[in-house]
Structure formats: C-alpha cells, structure tokens
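Novice: I'd like to ask some things about the structure below.
The values are calculated or read from the model by the stated rules, or taken from the named source; none is laboratory data. Keep in mind the model is a prediction, meaning the values are calculated, not measured. Heads up, the Cβs are rebuilt from the backbone with ideal geometry, glycines too, and the neighbour counts pull from every protein chain shown.
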Amino acid sequence: MTQGQGKPQEGEAGLPETGARADRRLVLASAMAAALWPTLARAATTAQSVRMHDHNTHTRLVVEFTGALDFKIKRIADPYRLVIEVPGLAWSGPEQAEGAGLISRVQYGRQGTATSNFSVDLKGPVKVAHAFVLPPTGATPTRLVIDVEPATREVFLAGAEPVSSKQVAQSKTKIEPVRKKIVAIDPGHGGIDPGAIGFSGIYEKDITLAAARQLKQRLEGTGRYKAVLTRQDDSSLALRQRTEIARRAPADIFVSLHADSIRDPGVRGLSVYTLSEKASDAEAEALATKENQADTIIGMDLSNETVEVRNILVDLAGRESRNLATHLAGRLIGELQRDVKLLEHTHRFAGFAVLKSPDMPSLLIEMGYLSNRLDESALKSESYRGKLMAAVVRGLDQYFAPTQVARQTT
Ligand code: ZN
C-alpha cells in the first residue's frame, strides 16, 4: 500500500524511534491485509460500531468497518492515548463511546486533523499486545482488533512491544452460495434421561421431541429452512454430541427445547436462555486449543495461526454469536408473547453447556413448567405446541430477514 505510511513518523509526543518502528510493523501488517482484497483497498472506510471488553489481563477494542482498512497507531502521552489513523475514514453512529477496562473513551476526530483518525483515550500507560484486521465473513463486516495490556510509562513511550499477530485468517465462507438457513433443533433429554416429570406424570423428553418434530415440519414447510434434529427418537445423547451434530449440519442457529419443573406448582410460563458472558470463556478457550476443531469451527482457516491468535478469533466469534443469540431471543419473545404465557424476565442468561458453541448463535427455550397443571396440559396439546412453534418460526424469519436480503443483493 502507498499512502505515504511506510515511513516511520514521529508521534506528537516526540516518541523515540523504536515506537515508530513498531508502528511501521503495524502498517505493514495492515498493508498485507489490504492486499488480500485489493479491489476494495481504496474504497472509503466507514466505522460502524465500537465495542470494548475488559478481559482482566487486557482490554479488547473491536471497531467494525465497511470497506477495506489501512491503519496506523500513534502513541501520545499526557494524557495517554492511542491515535488510530485510517485513510478515508468516515464515522457513522455516535462520535464518542464510553470505555471499558484500560480504555476510558473512544472519540472520533478529536485531534482535529481532518477526519482521518480516532482516539483511544487510556486510563494509563499500555502496551499494544495485538493489532490486526479481520476480513469480512458472511454478515460480519471488516473488524479492527486492538488488545492493550497495562504497562509502564517507559514501555508506553518506547512502544517496543511485539505485534504478535501477523495477520488475518482468510474466510472460508466468502464464496458460499445462497442456501437455505439451517436450524439445529435439540429436543432436550432422551433415553435414560427423562428430564422433568410432569404434574400428571408426563416426561419432558417426550414433550421436547414432539415439539421439535413440529418445529422442523413448520420450518421446512416455509421452503426457507432446513431443520436438523439432534435426536430423532428416544435415544440418549451427551450434551457435546448435540452441539457436534449441529456443527456438522452446519447449523446457522441452534435451538434447544426444554420444559422445566419447579417445586412451586404455581409457577408457569415460557422463558428463553442465552449464554451468559461469564460462563463462556473457559469453554471457548478449550475449543480453540483443540487443534482439529480450531481449523474449522469459526468458518476461517486458522491452520497458520498461533494458538494465541486462534484464541482471539474464537473469542471474537463467541462474542458475536452471543450478540446474535441475544438479538434472536428478542425477536422470538416478541412473537411468543402474542400467543404464549411468558415467565417474568423472559430472557435469561445461563451457562448451559449446549449454548457454548462459539460459532453458532445458540438458545434454549424452556417452553413452560411441567410442574404446573396449566402449562403441562398446554404442552401436551399438539395445537398449543403448534402455536408456540409458529411463533418461533416468525421470530426466526425476522432474525434472518435482513441478511437474506443482503446476501441476495451482493
Ligand atoms: Zn430440560
């Protein structure tokens, strides 16, 4: 890439040459990224969203962009901040974002040098541990990822930190043809595990299987979906097997169906669970370090990446999946509330094992309480389950509608 960025430049605080050298390595890295999709390299770049997350040991900043991305990082002290220069940068959305962890704020155009930078204001000196660009995949746009760790003032000013991430994993999914959305439906329990036992003695495993079959039929009846059941009959299935079946499908969405039981027979209503943030890190890391899976689990070729970079990519995918699952839960609840009695605080967060796939937005529907007479008799009724599943289909339709349109027009 030209843009006059290959030359080391001095920061405004008169940074020593080592800082400029590290910056140049970042520029080279981003130039390599741009070379992967050269036709887009000169297009205008618009920042769409800014996210930050405190990981205790480091803070991660993720900025989503439309268009390709070339970037350069300058360090400025007093007060501490990173200025990220992006040629042709435009900004949509709020021009300030509140920080998290080591970052106090992200601001667009604070330096007043035209519109080609944004500032990452820091709570203290940091070391830039990683800085790289991820290419767009599916509905996910180009992302700039920057990890910062606490450091001394000397380290900040010297800027001699290693930039360990060379570059971008290439997407395997870019040339995927338009296809039906694949929904994995997981009827909870089965075989030796009956699940909850109902007011009148009915088993949860039978209700979930019946509901799953109805959902499959309704989804496929639209012509827009393919549905895959994790079990077709009354067989026992480990939790990990359920997500593996879905992953092999490969499912765009994973929906696990359950019907709860509780000591208080007065409690009734449906609830929707997505993965709680705290529950997911260890599982995602374990998956990331299992080499045979890490190559494929997030639709990217990770074979040339270090374990460290794999962990970052899997973590990002997990975060994205959680966001999507939360979005879907909102759509589902919006549809379900028209027809079904909901539990208070309908959307809940938990660490259920079946929700932990970093590469599949996953949710679990507790359709009601079998310990409640009214819920139980409703869930035993085929027509009630049909109404419930029709609402689930409408929720999925809403969830998928924008990306289906986007895919057909690009
Ligand atoms: Zn259950």
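Novice: Restricting attention to the stretch 247-278, which residues are closer than 21 Å to Y369 by Cα and part of a strand (DSSP E or B)?
Specialist: V255, S256, L257, H258, A259, D260, L270, S271, V272, Y273, T274, L275
Novice: Looking only at the stretch 197-207, count every residue that is near the ligand (Cβ under 10 Å from one of its atoms) and either touching a helix residue (DSSP H, G or I) at 6+ places or on another chain (Cβ under 8 Å) or more than 16 Å from A238 (Cβ to Cβ) (or both) and tell me the total.
Specialist: The number of residues fulfilling the criteria is 2.
Novice: Might you let me know whether the stretch 323-330 holds any residue that is within 27 Å of D147 (Cα to Cα), buried (at least 18 other Cβ atoms within 10 Å of the Cβ) and free of Cβ contacts under 8 Å to residues at least 24 places away in the same chain?
Specialist: The answer is no; no qualifying residue exists.
Novice: Follow-up question, since we're still on this one. Among the residues that make up the stretch 228-242, is at least one of them within 27 Å of D315 (Cβ to Cβ), without any contact (Cβ under 8 Å) to a residue 12 or more places away in the chain and not small (G, A, S)?
Specialist: yes
Novice: Do we find that A391 is touching a Leu at 6+ places or on another chain (Cβ under 9 Å), assigned by TED's automatic domain parsing to the domain that holds G269 and touching a residue at least 60 places away in the same chain (Cβ under 8 Å) in this structure?
Specialist: Judged against the criteria, A391 is not a match.
Novice: Pick from S276, S271: which is in the same structural domain as V307 (by TED's automatic domain parsing), at pLDDT below 90 and not hydrophobic (A, V, I, L, M, F, W, C)?
Specialist: S276
Novice: Also: Six or more apart or on different chains, Cβ atoms under 7 Å: show the pairs whose first residue is in the stretch 194-222 and farther than 23 Å from V393 by Cβ and whose second is among the aromatic types (F, W, Y) and within 12 Å of the ligand (Cβ to nearest atom).
Specialist: What qualifies is P194/Y203; G195/Y203; I197/Y203.
Novice: Applying the selection to the stretch 183-196, what residues are in contact with a strand residue (DSSP E or B) (Cβ under 7 Å, 6 or more places away or on another chain) and within 11 Å of the ligand (Cβ to nearest atom)?
Specialist: D186, P187, G188, P194, G195, A196 - these are the residues of the stretch 183-196 that are in contact with a strand residue (DSSP E or B) (Cβ under 7 Å, 6 or more places away or on another chain) and within 11 Å of the ligand (Cβ to nearest atom).
Novice: State which residue is farthest from R213 (Cα to Cα) when the search covers only the stretch 286-309 and only residues that are under 15 Å from the mean Cα position of the chain (by Cα) and either at pLDDT 55 or above or within 16 Å of the ligand (Cβ to nearest atom) (or both).
Specialist: M300
Novice: Output the qualifying pairs, or none if there are none: Cβ atoms under 6 angstrom, residues six or more apart or on different chains, first residue in the stretch 255-266 and under 20 Å from R331 (Cα atoms), second residue in a strand (DSSP E or B) and within 8 Å of the ligand (Cβ to nearest atom).
Specialist: From residues that are under 20 Å from R331 (Cα atoms), the pairs are H258/E366.
Residues checked against (1) over 24 Å from the mean Cα position of the chain (by Cα); (2) crowded, with 22+ Cβ neighbours inside 10 Å; (3) at pLDDT 95 or above; (4) away from the ligand (no atom under 13 Å from the Cβ):
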site: E220; (1), (2), (3), (4): yes, no, yes, yes
site: R224; (1), (2), (3), (4): no, no, no, yes
site: S236; (1), (2), (3), (4): yes, no, no, yes
site: A249; (1), (2), (3), (4): no, no, no, yes
site: L257; (1), (2), (3), (4): no, yes, yes, no
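Novice: Can you pull out every residue in the stretch 259-279 that is away from the ligand (no atom under 15 Å from the Cβ) and touching a Gly at 6+ places or on another chain (Cβ under 9 Å)?
Specialist: Matches in the stretch 259-279: R268, G269, L275, S276, K278, A279.
Novice: Take the residues of the stretch 343-375 that are of a type in the set (D, E) and more than 14 Å from the ligand (Cβ to nearest atom): which is surrounded by the fewest Cβ atoms within 10 Å (Cβ to Cβ)?
Specialist: Only one residue tops the list, namely E344.
Novice: For residues in the stretch 94-115 being small (G, A, S) and at pLDDT 75 or above, which is farthest from E149 (Cα to Cα)?
Specialist: Step by step, filter the stretch 94-115, then rank; the result is A97.
Novice: What is the residue count in the stretch 189-206 for residues that are touching a Lys or Arg at 6+ places or on another chain (Cβ under 7 Å) and buried (at least 23 other Cβ atoms within 10 Å of the Cβ)?
Specialist: Number satisfying all stated conditions: 2.
Novice: Only residues that are touching a strand residue (DSSP E or B) at 6+ places or on another chain (Cβ under 7 Å) and closer than 18 Å to D252 by Cα: list them for the stretch 353-373, please.
Specialist: If the condition is that a residue be touching a strand residue (DSSP E or B) at 6+ places or on another chain (Cβ under 7 Å) and closer than 18 Å to D252 by Cα, then V354, L355, K356, S357, M360, P361, S362, L363, L364, I365 are the ones that fit.
Novice: Among the listed residues P150, P125, which satisfies the condition of being modelled with pLDDT of 85 or more, over 17 Å from R51 (Cα atoms) and in contact with a His (Cβ under 9 Å, 6 or more places away or on another chain)?
Specialist: P150
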